[in-house]
Structure formats: structure tokens, C-alpha cells
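**Q** Sharing a structure here in C-alpha cells format.
Every number in this text was worked out from the coordinates using simple rules, so none of it is lab data. Remember, it's a predicted structure, so these values are computed and weren't measured experimentally. All Cβ positions, glycine included, derive from the backbone under ideal geometry; neighbour counts span all protein chains shown.
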Amino acid sequence: MVVDKIIIKRKLKKLAEVINKLEQCKKVSREDFFVDFRISDSAMHNLVMGIEIIIDIGNHLLAEVFQESADEYATIIEKLGEVKVVPENFAKENVKMARFRNLIIHAYEKIDLDEVYQNLQKAPDIFRQFAKYFTEFLEKV
């Protein structure tokens, strides 16, 4: 087991930066969000980045601590719940994050800004919760 806590802490620091940027985007009115592409694009970019960080950390923990691998992002989140890095119900509630990331990256022509806006409202708290669970887990290994 070789958990690289320095890299994970660096990623968690970046996740905190992403959360701060998303909080700034959240402050904008719904109307401005839909009119100003700079805000919606920033939100999408930071949503993807936050999800990527969570997936990267989760994948690292699964591989190094549990010798588990996953071929899909959604599976990584599910497995984090199964091995109790995060509560199982929390993992099940948030597995759709990975699917949302895939939509933005791979099916960008189908992006619904209303869905982006809705995810923006929830993501900072969800990301903070993942960071908390990861930090608590790192203290145990």
C-alpha cells in the first residue's frame, strides 16, 4: 500500500480552489448565468475539474489501499462507497456526477444550461463533503 498523501493533499487544495470558483459562479443571478457565457463556461470547466479531482483521488485510493480498479468514472464513485471511503448512500446519491462530467466532455452538443445551473447549486457542498471523507480516510491509513 503506497498512498501518496502529498499528491492527494495537493489535489484537495486544488479542489478547494475549484469550490471557491464555483461559489463565485453561484453568486450570479440565474438570468446572468444564462446570458453570460463566461460564467456558464467557467462553471462547466470547474464542475468538470472538481469531478476529475474526486475521481483521481478515489481511483488512487481504490488502487493503492484496496487493490481495486474501475473502468468507468461512475464505478469509481460506487466502489468508494462499497469500501467505505465514503458512506455508501452518499456514493449512490453522487454517482450521477460522473455521468454529468461525461455529458459535458463527450456530449457537449446536448448540454442543457439549466442542468449545469442546477448542478452548480449543489456541487460545492458535495465536493466539500468528498474532501472531508477523503481527509478522514487519509488519517486512518
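**Q** How far apart, in nanometres, would the label points at Asp56 and Glu68 be if each is projected 7 angstrom from Cα along the Cα-to-Cβ direction?
**A** Placing both labels 7 Å along Cα→Cβ, they lie 2.1 nm apart.
**Q** In whole Hz and in residue order, list the ³J(HN,Hα) couplings for segment 117-130 that follow from phi through the Karplus curve 6.51 cos²θ - 1.76 cosθ + 1.60, θ = phi - 60°; x for Gly and Pro.
**A** Calculated HN-Hα couplings, in order: 4, 5, 5, 4, 5, 9, 4, x, 5, 5, 4, 4, 5, 4 Hz.
**Q** Which whole-number percentage describes the relative contact order of the chain, with Cα contacts under 8 Å and a sequence gap of 6 or more?
**A** Once normalised by length, the contact order is 31 percent.
**Q** Also: Where does the chain land at 222 nm, in deg cm²/dmol rounded to the nearest 500, when only DSSP H runs of n ≥ 4 count, each adding -39500 (n - 2.57), divided by all residues?
**A** It comes out at -27000 deg cm²/dmol, rounded to the nearest 500.
**Q** Give the calculated FRET efficiency between Arg30 and His106 to the nearest 0.05, with a Förster radius of 22 Å applied to their Cβ-Cβ distance.
**A** In this case the efficiency is close to 0.25.
**Q** Can you give the angle from 0 to 90° between the axis of helix 5-26 and the longest principal axis of the chain, with both taken from C-alpha atoms, to the nearest 10?
**A** Between the helix axis and the principal axis of the chain, the angle is about 20 degrees.
**Q** Please list the non-local residues whose amide H lies under 5 Å from the amide H of Glu68, H modeled 1.01 Å from N, same-chain partners needing a gap of 5 or more.
**A** HN-HN under 5 Å from Glu68: Ala63.
**Q** Could you work out how far helix 37-66 tilts from the main Cα principal axis of the chain, as a 0 to 90 degree angle to the nearest 10?
**A** Once rounded, one gets 10 degrees.
**Q** Need the C-alpha centroid separation for segment 38-61 versus segment 67-85, integer Å.
**A** 17 Å
**Q** A further question on this structure: Could you give the nm distance between label points at Val141 and Asp41, where each point is 7 Å from its Cα heading toward the beta carbon?
**A** It is 3.7 nm.
**Q** With axes computed from alpha carbons, what is the tilt in degrees of helix 96-106 against the longest principal axis of the chain, rounded to the nearest 10 within 0 to 90?
**A** Helix 96-106 sits roughly 60 degrees off the main axis of the chain.
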